[in-house]
Every structure is written in structure tokens, then in C-alpha cells.
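A short write-up of the structure that comes next.
The values are calculated or read from the model by the stated rules, or taken from the named source; none is laboratory data. Just so you know, these numbers come straight off a predicted model, no measurement behind them. All Cβ positions, even for glycine, are placed from backbone atoms using ideal geometry, and neighbour counts span all protein chains on display. Areas reflect the complete protein model, heavy atoms only, side chains present, ligands, DNA and RNA absent. Shrake-Rupley method; radii C 1.70, N 1.55, O 1.52, S 1.80 Å.
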Amino acid sequence: MDPKLTEVSQLFQRFKAAFLRSDFDTCTTFLSQLKVSLTQFRSLPPLFEDSPNAIRELNLARDIYEHAVVLSVKTEDQDAFERDFFQLKPYYTDVGNRLPPSPQEYPILGLNLLRLLVQNRIAEFHTELELLSPTALENPCIKHAVELEQSFMEGAYNRVLSARQTVPHETYVYFMDLLAKTVRDEIAGCSEKAYDYLSINDAREMLLFSSERELLEYIKEEHSEWEIKNKIVYFQKAKESAPCKEIPSLHLINQTLSYARELERIV
């Protein structure tokens, strides 16, 4: 075996050992070294040069980037997830016919869809969905993300929150927790505009909490401007603190007239 390939393989084994004992700081250090080492292999994207060890190098690089994506979830680093996913993606789209299928492909593709949903990047969510094969769309990991998006768009927030109990892969829990927070923040924002106050029990049901304690913790951490008196949640302070934006009517009228004049000249 090529000495460079042996060296990278050995370093990757040390990375995986650190990963198994949840030493994520050491994993991050090893991962940086591994990414630098991979630049020595000209068989990898975007060059794709033929070499005697091309298949081994491609397979090793794919395995490294898959672990990098999972590591970013473990460390709750969404920026790293995006970087690592885009480094990994060519190994699924461009060299898939040269390598055996990876058991991690569909879980990671589904994880990326879930990330886009959490970040409210719906257009990109559907773009990624269009690139998937009919076989991929039938995979439970992909279907889970698609069903979540449908529930989210329909406003069926109870289905979104209950989906955490049926995640197809343990790495999905992090993004599901973020999605639950996004859902509750959306409901909270609508509630404080629609109501002057709500009973504790009504607020708990509306925000989809299973206990009053969870509701009180959420209010303390996320909405300290809400007041709680005699089992009633008051939103008045939140309404008073919300900035009132003035619509620049005169400016908009002048701008519209200007556009009309320019259009008339063109015609």
C-alpha cells in the first residue's frame, strides 16, 4: 500500500478511537490533519485522476467526510456541518458508480434536508429534494424529512414535535430539538400578537408543552418580557416593546410614479 495512504488510514483509526470515547476536541484536531492529508490524493474530487489506489483513496475520503458530518452534529456546529456536507456530496453524486453504496448516504442526505428545514431554507430544501432518485425518496430517512416539511407547511405543529420520538437515526435528535424550538418560537410570536393574555393551561397547550414546569422554563429563557400573575400569562409588555415601523407612504408613491414614467419612456 502507498505510504501516504497508510499514514492517512492510521490517523483515521486514531480519529475513530477518539470519536468512540466522545473526545470531540481530539477528533476536531485529527480531522483538520486528515483534511490536509487528503489534498495529496489526486484521485479525489475535483481532479479524479486515475491511480492504482484511486478506489481505496476515494473510499477512505468518503468515510472521513461522513464522520466529519456526524462530528459536526455531535459538536452542534451547523456551519461545520454545511462545509463538511458539501465536501462529502461529490462522493455521492460524482463517484457513486465507482464505489459501493455507503450505508451512511441516506441518513446523511436526510440529515441535510432536516438542517435546511430547521434553518427555514425551504427553497434549498426542495432543490436538494429534486436531485434525489426515486429510490432515495422511498428511504425512511428521506421520507422523515419530507413528512416533517409537509407538517410544518400545513401548520400541523403537533406532528412536527411528536416526530422526535420516531427519528430514523440517532443523529437526527439535535436538529429535531432545534426544529421544536423554531415551532414554539413561531407559535409564541403569533400568540403575543393575537392575545392580551392566556391562562397558564391554555399557553401550555398552545405551545405544546407536556407540563407547566416546561412552559415556565421556556418563558424564563426565551420570553422574559411576558408577565405571569395568578396563573395568567400577560403579553402586554411584549407588545409595548415591539417596534412600530412606519410605512414610508410618500416615498413609495414617488417611487411608483418614477417607475411608471420610466416605463412610459421605454414603451
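Contact order for the stretch 150-242, expressed relative to its length and based on alpha carbon pairs under 8 Å spaced 6+ residues apart, stands at 23 percent. As a rough guide to protection, the peptides 127-138, 196-207, 217-228 ranked by mean Cβ packing within 10 Å, highest first, stand as 196-207, 217-228, 127-138. Its Cα gyration tensor gives the stretch 121-267 an equivalent ellipsoid; the semi-axes, largest first and in whole Å, are 36, 32, 10.
Given +1 at the Cβ of Lys and Arg, -1 at the Cβ of Asp and Glu and no other charges, the dipole of the chain around its Cα centre is 220 debye to the nearest 20. Distance between the 7 Å Cα→Cβ label points at residue 150 and residue 20: 4.0 nm.
Full extension of the chain between residue 123 and residue 253 gives 43.6 nm of extra length, using 0.36 nm per residue less the Cα-Cα distance. Across the stretch 162-169, rounded Karplus estimates of 3J(HN,Hα) from the backbone phi angles (6.51 cos²θ - 1.76 cosθ + 1.60, θ = phi - 60°) give 6, 5, 4, 6, 10, 5, x, 8 Hz, Gly and Pro being marked x. Out of 90, 11, 43, whose Cα points farthest toward the positive end of the dipole of the chain (charges: +1 Lys, Arg; -1 Asp, Glu; placed on Cβ)? Working it through, the farthest residue towards the positive pole turns out to be 11. For the stretch 65-150, the mean projected area of the C-alpha convex hull, equal to one quarter of the hull surface, is 5.4 nm².
Residue-normalised convex hull volume from the C-alpha trace of the chain: 219 Å³ per residue.
Note on residue 187 and residue 83: with the Förster distance fixed at 45 Å, the Cβ-Cβ geometry gives a FRET efficiency of about 0.90.
Measure off, as a whole percent, the carbon and sulfur share of the 1.4 Å-probe accessible area of the stretch 13-92, all protein chains present. Heavy-atom surface of the stretch 13-92 belonging to carbon and sulfur, 1.4 Å probe: 49 percent. Overall, the accessible surface of the stretch 156-243 at a probe of 1.4 angstrom is composed of carbon and sulfur to the extent of 49 percent. Computed over the stretch 1-97, the percent of Cα pairs more than 19 Å apart is 39.
Accessible surface area normalised per residue over the stretch 118-267 is 67 Å², counting heavy atoms of protein chains with a 1.4 Å rolling probe.
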